[in-house]
Amino acid sequence: MSKKHRITSLLAILPLFIMLSACSEANEPASEQEQTPDAHQEASANEYVLTDALGNEVDIPTNPERIIASYLEDHLIALGVTPIAQWSIHDGEGVQNYLQDYLTGVEPIPFDLPFEAVTSFSPDLLIMSSAELVSEGKYEQYARIAPTYVVAEETNDNWRETLTQLGDVLNREEEATTVLEGYEAKALEGAEQLSSEIGTNSAAALWLTSNQFFIVSKNVSSGAVLYDDLGITIPATVEKVSESATGNWSAISLEELVELDADYLFLINSDSSDGSEMLDDPLWQNIPAVQQNQVYEFSSDTSWLYSGPIANEQIIDDVLSSLIDK
């Protein structure tokens, strides 16, 4: 994690004060000793310097009011910060729907952050979720628009580390700690309830999109919530897929799904119309969890395809309502 070097008004003014005092004692009237800081010093009192994941020293505003942090909105909201624009695809039609109750009135911005679009929002801080967004010389151009901080690449698969880092960037370390403690308490309570209700029964999350099934890996996204946070038993199929997974979700065939040894399935269905064809397939109908009527379906508008403090709390609620409040 980047080390914070705060520049307080005292540190900024002290060297100049000492110099002026020495000069005034020798040459100047006493009235001239009462001097106010110049514009540069006043500015330094309203910002602090952080080194980002790329080694850039970034002047972070103490109280930024117009933040763009594309695809990090979940974390910002959890910290009590509302961004000035929100991540989107398909000309603003596709957004993170599970966050919209928190982002009322926040306009969309294309996911690849075109310079013109970013400039139009007049941001006072840009937070980039990965180095890829600022590759090929883009960082310098973004930095001309507003101070630009790049989040450490290794935190992308660990929302806790990302939240902690953003708490550091936004001077909201206490808020980050409070969020983490609240989440851990919620997860622990949920794990205890599930242990009592389902014992060692297993579960898996599947995503159906464009007539293709995908299965979540065991230690990322909703898989981390199911197995790490809630302590649900990992099916052997998920263990096997996770060994060679290169992303959060791995493609899996219906033939492989028939062998899926999960007692419960959480199905995220992005195919509202043609998806029913896959779910009517005899192979799907032969999956043990399907035969036991233990499949719990959610739309792609829910938080299951995302990760963050808000997304994961919603996933916990979905799991508990499915397996305990059923």
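By the Stokes-Einstein formula, at 1.306 mPa s and 10 °C, the range 155-236 with its Kirkwood radius over alpha-carbon pairs has D equal to 110 µm²/s. With only the Cα atoms considered, the range 74-114 has a convex hull volume of 70 Å³ per residue.
Taking the accessible area of the range 178-326, probe 1.4 Å, and keeping the other protein chains in place, the carbon and sulfur fraction comes to 43%.
Expressed as a whole percent, the proportion of Cα-Cα pairs in the range 93-213 lying more than 20 Å apart is 65%.
Quotient of the Cα radius of gyration of the range 169-298 and 2.2 N^0.38 Å, N being its number of residues: 1.18. For the range 48-165, the solvent-accessible area of protein heavy atoms averages 46 Å² per residue (probe radius 1.4 Å; ligands and nucleic acids excluded).
Under unit Cβ charges (Lys, Arg +1; Asp, Glu -1), what dipole magnitude, rounded to 20 debye, does the range 209-304 have relative to its Cα centre? Dipole size: approximately 240 debye. For the range 65-163, the set of GluC sites (Glu not before Pro) satisfying both a DSSP loop assignment and a count of at most 15 other C-beta atoms within 10 Å is given as E65, E93, E136.
The values are calculated or read from the model by the stated rules, or taken from the named source; none is laboratory data. Keep in mind the model is a prediction, meaning the values are calculated, not measured. Here Cβ is always computed from backbone atoms with ideal geometry, including for glycine, and neighbour counts include all displayed protein chains. Only protein heavy atoms, including side chains, enter the accessible area calculation; ligands, DNA and RNA are left aside. Shrake-Rupley method; radii C 1.70, N 1.55, O 1.52, S 1.80 Å.
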